[in-house]
Ligand SMILES: C[S@@+](CC[C@H](N)C(=O)[O-])C[C@H]1O[C@@H](n2cnc3c(N)ncnc32)[C@H](O)[C@@H]1O
C-alpha cells in the first residue's frame, strides 16, 4: 500500500477521503452501491458480525425494536436477522444502498434519503430498544455529534451501539462527545471493545452505551 493511502482498496480509500457533506457522501454511495459488498468482503470487513453479536450480549430479546442507522446494503441487519431479531428497521442517506438493504429481507422497514444528522425528524424520540451504527462513524462520513442524534431515538434504558475506526477515534472529538454525554448523565458506557478486528486495513473500536432514564 502506498504511503499516502488510507486503504489498499480504491473505493474504501476514496470513501475515507469524503468531506462529510451529505450531498457528496450520498453521490459517492449511489455510485459504489453495486460494488460495495464485493469490495468490503475482499477487505475482510468484520464490523457487522462483531457488532451484531455484541448487541446480542446486551439486548438478547429477538422482539427488540432495533434501528440500523446508516444501514448501507443491509449487512448489519442480515447478521441480526440470522441471530433471530425480527423487528429491525434501517435508514441510509443513499437510496441505492437502502434499496439493497430492503432486498436483503432482513428489515421490516428501510428508508433511503435520510441524513443521520436530521434523523430525529423521521423517527420518534425515545422509541427504539437499540440504535446501531456500524461503519458510519468513520473518516469523511458523520461527525461524532451524530451520537447525540442517535441517542435521542433510543428509549430510556435502551442501547446505542456504534463502531469507530481507530483513525476516526484518534482524529475526531469522539471521546470528548462521549465524555460530555456521560457527564450530562444522558448515558453510561456499557461496554467498549477496543482495537478489535475491523478490516484488513486496520482495527476498530465497538461501543455500547445505555441511555439514562
Ligand atoms: C461504510 S458504509 C456502512 C454501511 C453498513 N452499516 C455496513 O456496515 O456495511 C457507510 C454508510 O453510511 C451511510 N451514510 C454516510 N453518511 C450518512 C449520513 N449522514 N446519514 C445517513 N447515512 C449516512 C452511507 O450512505 C453508507 O451506506
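The values are calculated or read from the model by the stated rules, or taken from the named source; none is laboratory data. Here the structure is a predicted model, which means the values were calculated and not measured. Here the Cβ is made from the backbone with ideal geometry for all residues, glycine too, and neighbour counts use every protein chain on show.
Residues are listed down the side, and each one gets a yes or a no for (1) in a loop (DSSP other than H, G, I, E, B); (2) over 17 Å from the mean Cα position of the chain (by Cα); (3) surrounded by 17 or more Cβ atoms within 10 Å (Cβ to Cβ):
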| residue | (1), (2), (3) |
| --- | --- |
| 100 | no, no, yes |
| 126 | yes, yes, no |
| 132 | no, no, yes |
| 149 | no, no, yes |
| 159 | no, no, yes |
| 168 | no, no, yes |
| 194 | no, no, no |
| 205 | no, no, yes |
| 210 | no, no, yes |
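Being at pLDDT 95 or above, out of contact with any helix residue (DSSP H, G or I) (no Cβ under 9 Å at 6 or more places or on another chain), within 28 Å of residue 166 (Cα to Cα) and within 12 Å of the ligand (Cβ to nearest atom): is that true of residue 78 here? So that I can check it myself, show each step before the final result.
Numbers: at pLDDT 95 or above: yes; out of contact with any helix residue (DSSP H, G or I) (no Cβ under 9 Å at 6 or more places or on another chain): no; within 28 Å of residue 166 (Cα to Cα): yes; within 12 Å of the ligand (Cβ to nearest atom): yes.
Against the criterion (at pLDDT 95 or above, out of contact with any helix residue (DSSP H, G or I) (no Cβ under 9 Å at 6 or more places or on another chain), within 28 Å of residue 166 (Cα to Cα) and within 12 Å of the ligand (Cβ to nearest atom)), residue 78 does not qualify.
For the structure I just gave you, tell me whether residue 175 is outside any strand (DSSP E or B), surrounded by fewer than 16 Cβ atoms within 10 Å (Cβ to Cβ) and within 15 Å of the ligand (Cβ to nearest atom).
Values: outside any strand (DSSP E or B): yes; surrounded by fewer than 16 Cβ atoms within 10 Å (Cβ to Cβ): yes; within 15 Å of the ligand (Cβ to nearest atom): no.
When the stated conditions are applied, residue 175 does not pass them.
Among the numbered conditions (1) part of a helix (DSSP H, G or I); (2) out of contact with any strand residue (DSSP E or B) (no Cβ under 9 Å at 6 or more places or on another chain); (3) within 12 Å of the ligand (Cβ to nearest atom), tell me where residue 56 comes up short.
With (1) part of a helix (DSSP H, G or I); (2) out of contact with any strand residue (DSSP E or B) (no Cβ under 9 Å at 6 or more places or on another chain); (3) within 12 Å of the ligand (Cβ to nearest atom) applied to residue 56, the lone miss is (3).
Within region 12-23, which residues are more than 10 Å from the ligand (Cβ to nearest atom) and in a helix (DSSP H, G or I)? Don't jump to the end; show me each part of the working.
Let us first name the residues in region 12-23 that are more than 10 Å from the ligand (Cβ to nearest atom), namely 13-14, 17, 19, 23.
Scanning region 12-23 gives 13, 14, 23.
Take the conditions outside any strand (DSSP E or B), more than 7 Å from the ligand (Cβ to nearest atom) and on the phi > 0 side of the Ramachandran plot and apply them to residue 84. Does it pass?
Numbers: outside any strand (DSSP E or B): yes; more than 7 Å from the ligand (Cβ to nearest atom): yes; on the phi > 0 side of the Ramachandran plot: yes.
Here the answer is yes, as residue 84 does meet what is asked.
Taking the residues in region 41-51 that are in contact with a helix residue (DSSP H, G or I) (Cβ under 7 Å, 6 or more places away or on another chain) and in contact (Cβ under 8 Å) with a residue 60 or more places away in the chain as candidates, determine which candidate is farthest from the ligand (Cβ to nearest atom). Write out each step before concluding.
At the first step, the residues of region 41-51 found to be in contact with a helix residue (DSSP H, G or I) (Cβ under 7 Å, 6 or more places away or on another chain) are 43, 48-49, 51.
Subsequent filtering for residues that are in contact (Cβ under 8 Å) with a residue 60 or more places away in the chain retains 43, 48, 51.
Working: 43: 11, 48: 5, 51: 8 Å.
My answer is 43.
What are the residues in region 166-201 that are on the phi > 0 side of the Ramachandran plot and in contact with a strand residue (DSSP E or B) (Cβ under 9 Å, 6 or more places away or on another chain), if any? Write out each step before concluding.
The first filter runs over region 166-201 and keeps only residues on the phi > 0 side of the Ramachandran plot, leaving 185, 195.
Correct list: 195 only.
Under 8 Å between Cβ atoms, at least 6 apart or on separate chains: pull out the pairs that start in region 125-144 with a residue that is within 15 Å of residue 177 (Cβ to Cβ) and at pLDDT 95 or above and end on any residue that is in a strand (DSSP E or B) and near the ligand (Cβ under 6 Å from one of its atoms).
142/136
What residue, of 34, 63, 8, is outside any helix (DSSP H, G or I), in contact (Cβ under 8 Å) with a residue 60 or more places away in the chain and more than 11 Å from the ligand (Cβ to nearest atom)?
Values: 34 fails: outside any helix (DSSP H, G or I); 63 fails: in contact (Cβ under 8 Å) with a residue 60 or more places away in the chain.
Only one candidate passes the filter, namely 8.
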